[in-house]
1. Starting with the highest mean, order 87-99, 188-200, 169-181, 54-66 by the number of other Cβ atoms within 10 Å, averaged over the residues of each peptide.
2. Roughly what angle does helix 179-212 make with the longest principal axis of the chain, taking Cα atoms, 0 to 90 degrees, to the nearest 10?
3. Can you give the calculated 222 nm mean residue ellipticity of the chain, where each DSSP H run of n ≥ 4 adds -39,500 (n - 2.57) and the sum is split over every residue, rounded to the nearest 500 deg cm²/dmol?
4. Could the peptides 157-164, 8-15 be put in order, highest first, of the mean number of other beta-carbon atoms found within 10 Å of their residues?
5. Out of all DSSP beta bridges in the range 1-93, what portion is antiparallel? Express it as a percent rounded to 5.
6. For the peptides 105-114, 16-25, 131-140, what is the packing order when you average, over each peptide's residues, the other Cβ atoms within 10 Å and list the highest mean first?
7. May I ask for the distance between the Cα centers of the range 16-36 and the range 67-136, given as a whole number of Å?
8. So what is log10(I(q)/I(0)) for the chain at q = 0.14, 0.18 1/Å, when the Debye sum runs over its Cα atoms only?
Ligand SMILES: [Zn+2]
């Protein structure tokens, strides 16, 4: 018997947990903003990362990724770049001019705070305010990881809701972009309950054997 699991090449996952049917076809083209990600090198190796899912949902012109803990001297930010990160003087997304580039940091919370310190001090900031996201917002949607607070979203959620606001989509675009994430979370919960059931059966069997012996 082969030990290799059949893989789906477009989504790079085992075929049993393929997400291909959840990606929009064709990928979404953003008309009023551009997305730029500064991706911490360690984040690339994380399981259940949400960024690859968003990348598959957006077309190539709408999103760029730079891998690094900081920007190199040769890497300048496009004009009208706005960092999406909490801060005292952060604007609301609804105040951002169309055509802006939204810069996101894909990293752990601690790494992200380090990365912010390397960025230009005068870079404008916006923060996602949950209260502004409308009735379709679902808190704790990505419950594979426990966020430090309700306001902390996964990278995928953060991008989805920010571009939804910029495009004036009133939740419809976020719903499209978060379909793969929802499926990934549901697969993860199913796998976990199967694993727990398996462990419970093993415990029962062990106890039963103990009783016979
Ligand atoms: Zn697939």
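1. In decreasing order of mean packing, 87-99, 188-200, 169-181, 54-66 become 169-181, 54-66, 87-99, 188-200.
2. Helix 179-212 sits roughly 20 degrees off the main axis of the chain.
3. After summing the helix terms and dividing by the residues of the chain, the value is -10500 deg cm²/dmol.
4. On the way: 157-164: 25.1, 8-15: 13.0.
Ranked from most to least packed, the peptides come out as 157-164, 8-15.
5. Working: 2 of 8 bridges.
Once the DSSP bridges in the range 1-93 are tallied, antiparallel ones form about 25 percent.
6. Values: 105-114: 16.1, 16-25: 14.5, 131-140: 12.5.
For the peptides 105-114, 16-25, 131-140, the packing ranking is 105-114, 16-25, 131-140.
7. A separation of 21 Å, based on Cα centres.
8. Scattering profile of the chain, log10 relative to I(0): -0.88, -1.38.
Each reported figure results from applying straightforward, stated rules to the coordinates on display, with no laboratory input. Quick caveat, the model's predicted, so the values are computed rather than measured. All Cβ positions, glycine included, derive from the backbone under ideal geometry; neighbour counts span all protein chains shown.
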